[in-house]
1. Check the straight Cα-Cα distances from K58 and name the aspartates and glutamates below 12 Å, setting aside those fewer than 8 residues away within the same chain.
2. F90: net charge of surrounding residues, Cβ under 14 Å, Lys/Arg +1, Asp/Glu -1, itself excluded?
3. Assuming R0 = 22 Å, what is the FRET efficiency of T108 and E22, from their Cβ-Cβ distance, to the nearest 0.05?
4. Taking GluC sites (Glu not before Pro) as candidate sites, keep only those in a DSSP loop with at most 14 other Cβ atoms within 10 Å, then name the longest stretch of the chain containing none of them.
5. Just how many % of Cα pairs in the range 60-127 lie over 21 Å apart, if you round to the nearest whole percent?
6. Calculated FRET efficiency, A99 and R75, Cβ-Cβ r, R0 25 Å, to nearest 0.05?
7. Taking every Cα atom in the range 9-63, find the radius of gyration and the maximum pairwise distance Dmax, and write them in Å.
8. How big is the chain on each of its three principal axes, counting only the C-alpha atoms and giving the largest first in Å?
Amino acid sequence: MQEKHLYEYAVIRIVPRVEREEFLNIGLILFCKRTRYIRMQYTLDHPCVALFIEKADKELILSALTAFEQICYGRKEGGKIVQFEIPERFRWLTAVRSASIQTSRPHTGLTADPDETFEKLYQELVL
């Protein structure tokens, strides 16, 4: 039997009008401290996205998602935050914020295979 590890995940959401509290799930970020695993993925080519955002906003949203990605994977373009350890980067990415890109509260589970768990959650919660 494979050893299972605690993981945390949060759903990445697009929030076109923060005051209306409407959102659409567009991505996922999953983190497992024990295995030093972090992964993020998003999909903006969903037909529902066009209903939520105007064309002019798409570039701004892509810019925000690119910044999320840079921080998640520790790319130098992400600024000083990328110097944090993986758990601190995950906490920063999932902090409550009032912006057009937000995350759900983090949720936990146990997994022997973080990639498999990520794929399952992505299919369930995003696609």
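1. D45
2. Neighbour charge sum, excluding F90 itself: +3.
3. 0.25
4. Segment 86-127 is the longest.
5. Percentage above 21 Å: 33.
6. 0.75
7. Values for the range 9-63 (Cα only, Rg and Dmax): 13.3, 41 Å.
8. 49, 33, 23
Computed from the coordinates by the stated procedures, all read-outs in this text should not be read as laboratory data. Remember, predicted model here, so these are calculated numbers, not experimental data. Methodologically, a virtual Cβ is constructed for each residue, glycine included, from the backbone with ideal geometry; neighbour enumeration extends over all protein chains shown.
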